[in-house]
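Below is one structure; the comments refer to it alone.
The values are calculated or read from the model by the stated rules, or taken from the named source; none is laboratory data. Keep in mind it's a predicted model, so treat the numbers as computed, not measured. So basically every Cβ, Gly included, is an ideal-geometry build from the backbone, and we count neighbours across all protein chains shown. We work out accessible area using only protein heavy atoms, side chains counted, and drop any ligands, DNA or RNA first. Shrake-Rupley method; radii C 1.70, N 1.55, O 1.52, S 1.80 Å.
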Amino acid sequence: GLGFNIVGGTDQQYIANDNSIYVSWIKKDGAAYLDGRLQEGDKILAINGKDLKDLRHKDAVELFRNAGYYVSLKIQRRLQPQNGPVGQRGDGESGGLPLAAILVPGLALAATAVWILLRYRQRM
């Protein structure tokens, strides 16, 4: 498969008054994950040139299943987070903090510690 799940459609609106199809989950090490461009929460506007507007969920799923080896998606990136399951991974793994939120302060502390150590050694 393509390595991601979708939600939405005319019969299963994910967002009230919105019939669009959204990416709900990306499988780790799947095709979409390895490509790196698709994100959970993206709205999929078209697949291989076929507009997804006003389709039932099962009809959208069928288009994805029959997409072929080379797939072209037209997407709209979601700008603001919304309530709902998007962003939850579905495999029991929580979202947690972004890696940068841990690495940047950690690197700053390490650089400061090295600087202090070097200054202290110079005075000896």
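If the condition is being surrounded by 19 or more Cβ atoms within 10 Å (Cβ to Cβ) and touching a helix residue (DSSP H, G or I) at 6+ places or on another chain (Cβ under 6 Å), then region 4-37 contributes F4, G9, I21, I26. Within region 49-69, being assigned to a loop (DSSP other than H, G, I, E, B), touching a residue at least 40 places away in the same chain (Cβ under 8 Å), under 12 Å from G8 (Cα atoms) and open to solvent by less than 80 Å² (accessible area, probe 1.4 Å) holds for one residue alone: L55. Given the structure, is Q88 modelled with pLDDT under 60, within 27 Å of L45 (Cβ to Cβ) and surrounded by 10 or more Cβ atoms within 10 Å (Cβ to Cβ)? For Q88, the condition - modelled with pLDDT under 60, within 27 Å of L45 (Cβ to Cβ) and surrounded by 10 or more Cβ atoms within 10 Å (Cβ to Cβ) - is met. Taken over region 38-48, the criterion of being open to solvent by less than 60 Å² (accessible area, probe 1.4 Å) and not in a strand (DSSP E or B) is satisfied by L38, E40, G41, D42. Taken across region 8-21, residues that are without any contact (Cβ under 8 Å) to a residue 40 or more places away in the chain and in contact with a Phe, Trp or Tyr (Cβ under 7 Å, 6 or more places away or on another chain) do not occur at all.
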